[in-house]
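Written below as structure tokens is the structure these notes are about.
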Amino acid sequence: MTRKATSNQSAQTWSSKSLASHWQHEFFYLLIQFCGRWPAYIFSYIVVLCYVLFVPEVHRRSSYYIGKRFPKANKLARWYHVWRLCQNMAIALIDKAAIGIRGTEEFTYSLKGLEELKELQAQGNGLILLTAHAGSWQASLGGLDLLETPVHVMMYRGEGDVDIPYFEFTARHNINVIPAEDTMGSVIAVAAALRKNELVAIMGDRIFPPTAYTASVDFLGDSALFPTAAYKIAQSTQAPVALLLTRKIGASQMELSVAHILTVPKSAKNNFTPYAQEVAHALEDYVQTTPYQFYNFFDLWSTTNE
């Protein structure tokens, strides 16, 4: 069954605070601004290696996912997996900053399932784009320009997000940010957008404060806690839901693909677990083929609704 997680539960299990200090972010921003992405990429290899070797917190945050994705890996192999994951994450952060500093022309985008999304929107109830911390998801959302429709991105902005000023979706003509920390305001903004037959992007793989509806599902061989607020919204508005996953497929190329489509009938009542499970299965397929582009440094398996 679905229930509401308390703010204490969310706060204890997740933090958006970056491990890097403000000056370290500033160094990379200046490097990107004056020298471009490539020097930042090269320098990131040194920085990431140092963090993996000397900062235990890196291994703690990575261990939740790495332990489930590579359960048979020995200690040396796990260190390698952590390094690969963190290095790709560093590149994703550079890509995000590069768009905020140098513009969306830094990358090219492809969207698999564009016609499907247009058909879903044609139903007239708006469209919920369920996203995940997969690939360079923030940088990849530039590909949504292809839809030529306003997109409202629900995003939680924590106090520790020191890199936020360098990536503003509002710089793009069709993307608007809805602050998820404003619970009542975000619900009103989402409902208004869907009534206008516009698109709303909501995270489908992480619970964020202050509260969130959740469901226990099977993910990577164990019970995990997934958010279900998107399905609650879909039920009340009858907006279809499309899981949109992103991956970086080249030095300057981002790919967005529609991985799964679902609808939540009025008769679902408050049982959204089956829909969360469908999304979890789709994410399992993603991490099997793209294991080092899943950046959910959150212990999904720490608490369940049982």
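So here's what we get for this one:
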{"read-out": "Distance (nanometres) between label positions extended 7 Å along Cα→Cβ at Q253 and R102", "value": "1.8 nm"}
{"read-out": "For a label point 7 Å along the Cα-to-beta-carbon line of Y292, residues of the range 56-82 with backbone N under 15 Å", "value": "66, 70, 77-82"}
{"read-out": "25 Å Cα-Cα threshold exceeded, pairs from K196/K266; K118/K196; K118/K266; K68/K269", "value": "K68/K269"}
{"read-out": "Phi-based couplings in Hz for the range 238-251 (Karplus 6.51, -1.76, 1.60; Gly and Pro marked x)", "value": "6, 7, x, 10, 10, 7, 10, 10, 10, 8, 8, 10, x, 4"}
{"read-out": "Dmax and Rg, reported as Rg then Dmax, of the range 183-303 (C-alpha, Å)", "value": "14.9, 46"}
{"read-out": "Share antiparallel - DSSP beta bridges, the range 3-293, percent rounded to 5", "value": "45 percent"}
{"read-out": "Gain in span if fully extended, W38 to E116, counting 0.36 nm per residue against the direct Cα distance", "value": "24.6 nm"}
{"read-out": "Amide H contacts of I178 (H built 1.01 Å from N, under 5 Å, at least 5 apart or other chain)", "value": "V153, M154, M155"}
{"read-out": "Among A276, Y109, A134 the positive-end extreme of the charge dipole of the range 3-293 (Cβ point charges)", "value": "A276"}
{"read-out": "Stretch gain in nm, segment D285-F54, where the contour uses 0.36 nm per residue and the Cα spacing is subtracted", "value": "79.9 nm"}
{"read-out": "Charge context of N125, other residues only, Cβ under 11 angstrom, K/R +1, D/E -1", "value": "+1"}
{"read-out": "Added length on full extension, which subtracts the Cα-Cα distance from 0.36 nm per residue, S223 to R78", "value": "50.0 nm"}
{"read-out": "Student exercise, the range 71-110 dipole from Lys, Arg, Asp, Glu Cβ charges, in Debye to nearest 20", "value": "420 debye"}
{"read-out": "The range 3-293, Rg to Rh (Cα coordinates; Rh as Kirkwood inverse mean 1/r)", "value": "0.95"}
{"read-out": "Modelled FRET efficiency - R0 25 Å, K196 with W23, Cβ distances, 0.05 increments", "value": "0.05"}
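Computed from the coordinates by the stated procedures, all read-outs in this text should not be read as laboratory data. Since the model is a prediction, treat every value here as computed from it, not as a measurement. Virtual Cβ from ideal backbone geometry, glycine too; neighbours counted across all protein chains shown.
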